[in-house]
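The values are calculated or read from the model by the stated rules, or taken from the named source; none is laboratory data. Here the structure is a predicted model, which is why all the values come from computation and not from measurement. In this analysis, Cβ positions are derived from the backbone assuming ideal geometry, glycine residues included, and neighbour counts consider all displayed protein chains. Quick note on the areas: whole protein, heavy atoms, side chains included, nothing else; ligands and nucleic acids left out. Shrake-Rupley method; radii C 1.70, N 1.55, O 1.52, S 1.80 Å.
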Amino acid sequence: MLGDSVYIPHGQTVILDTSPPKLFTLIVEGTLSFLDESDLSLSAHYILVKDGKFEVGTERKPFLHRAEITLYGTPVDTE
């Protein structure tokens, strides 16, 4: 099973506060921000940040928990 595809459009902010099931694709044109209240993981075959923001803490406010991002693509994938 490949998992769901998630699209975050321009102008929308999504706060990741729980670890979702493995995704097929994640396309971020808005903002995806990890909430710094617990360890989080994000797994996907393909992640594209296109004119958006993918934030796991910032210089002013670092992420103090464990964030694990796992990609399942292969070197020959067209994505």
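Heavy-atom surface analysis with a 1.4 Å probe gives the chain a carbon and sulfur content of 52 percent of its accessible area. Taking a spot 7 Å from the Cα of Glu29 along the direction of its beta carbon, which residues of region 40-59 have an amide N less than 19 Å from it? Once the point is set 7 Å along Cα→Cβ of Glu29, 46-55 turn out to lie under 19 Å by backbone N, inside region 40-59. From the alpha carbon centroid of region 51-79 to that of region 20-43 is 8 Å.
Residues in the chain average 71 Å² of solvent-accessible surface per residue, probe 1.4 Å, ligands and nucleic acids excluded.
What is the calculated FRET efficiency for Asp17 to Asp77, with r their C-beta to C-beta distance and R₀ = 25 Å, to the nearest 0.05?
About 0.30, to the nearest 0.05.
Applying 1/(1 + (r/R0)^6) with R0 = 30 Å to the Cβ-Cβ distance of Lys53 and Leu2 gives a FRET efficiency near 0.70. The share of alpha-carbon pairs in region 26-68 lying farther apart than 16 Å comes to 42%.
Only Lys, Arg, Asp and Glu carry charge here, each on its Cβ (+1 for the first two, -1 for the last two); on that basis the chain has a dipole of about 60 debye about its Cα centre. Pairs of alpha carbons in the chain separated by more than 22 Å make up 23% of all such pairs. Applied to region 37-42, the Karplus parametrisation 6.51 cos²θ - 1.76 cosθ + 1.60 on θ = phi - 60° returns per-residue 3J(HN,Hα) values of 10, 6, 5, 9, 10, 9 Hz, with x for Gly and Pro.
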